[in-house]
Every structure is written in C-alpha cells, then in structure tokens.
Amino acid sequence: PIIHALNTFNFVHEERGTFTLLDSKGNTAVSLLNGKKPGTFLEEHASDDIALVLDPINLTNPLESFDLFIDVSQSLKEYFDCELLDEDRNLLTKQMIEHMRQQVLEYRRQFLASTG
C-alpha cells in the first residue's frame, strides 16, 4: 500500500482519502492524489496513477517543498518500480527536474518582488 511507501515522510492521511506531506515546520508542502479515482486513496480504491501536486502559492519555503516533492517522487519510483512523468505525461528527466527547480526559484523571486 501507498502508506508504506510514505513511511519515511512526514505525512497526514486526510479523511477525504488524500495524503498531505508536511515541510519541516509542519506546513503543507505537497499533496498526493490518486490519479484514477477522484483523487482519493480509500481502502476500496486501487490505482496505478499517482499525482503529486506542488502549489507554490501558499508555501512557506517553496524550494524546501520542491526538494521534498522530488524526494517523495524518487522514493515512490523506487518503491513501486515505476516511471515518473511530468504534467504532460512525458518521462521526467534530470533536465526537466532542474527546469522545474528554476521555475520555483523564479516564482519565489517574482513573489518577493511583488510584496516588496
């Protein structure tokens, strides 16, 4: 089960059947959703499609959350012996991970500039 794969991470299994991964300060960093059944991981549902969601808008530390996002995805890849795909369902490469990291940094820079 997915709960065993997440054992090494600070997570909360929500009543609605999703998982929320917490950053070092206990704030929501990453959400984990079932890609097949409306986002839930309830006992009667199985899935071979997992979605990790990183929403930089409300993050305390976007780069820390991004690193957690990558750590969790790599851990799930190893645990389930599966492939990682990006939001367009293309194979997630090291170059794409670096591009995504740069997007997080740019988002943070723009956010800080706008709050001035």
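Where the second residue is at pLDDT below 85 and assigned to a loop (DSSP other than H, G, I, E, B) and the first is aliphatic (A, V, I, L, M) and lies in the stretch 1-30, which pairs have Cβ atoms under 7 Å and are six or more apart or on separate chains?
Taking only residues 6 or more apart or on different chains, the pairs are ILE2/PHE41; ALA29/LEU59.
With (1) at pLDDT below 85; (2) hydrophobic (A, V, I, L, M, F, W, C); (3) open to solvent by less than 40 Å² (accessible area, probe 1.4 Å) as the list, and LEU42 as the residue in question, which single condition is left unmet?
In the conditions (1) at pLDDT below 85; (2) hydrophobic (A, V, I, L, M, F, W, C); (3) open to solvent by less than 40 Å² (accessible area, probe 1.4 Å), LEU42 misses (3) alone.
May I ask you to list the residues in the stretch 68-91 that are open to solvent by 60 Å² or more (accessible area, probe 1.4 Å) and under 12 Å from VAL30 (Cβ atoms)?
Within the stretch 68-91, ASP71 is the sole residue that qualifies.
The values are calculated or read from the model by the stated rules, or taken from the named source; none is laboratory data. Please read all numbers here as calculations on a predicted model, not as lab measurements. So basically every Cβ, Gly included, is an ideal-geometry build from the backbone, and we count neighbours across all protein chains shown. In case anyone asks, the SASA skips ligands and DNA or RNA and just uses the protein heavy atoms, side chains included. Shrake-Rupley method; radii C 1.70, N 1.55, O 1.52, S 1.80 Å.
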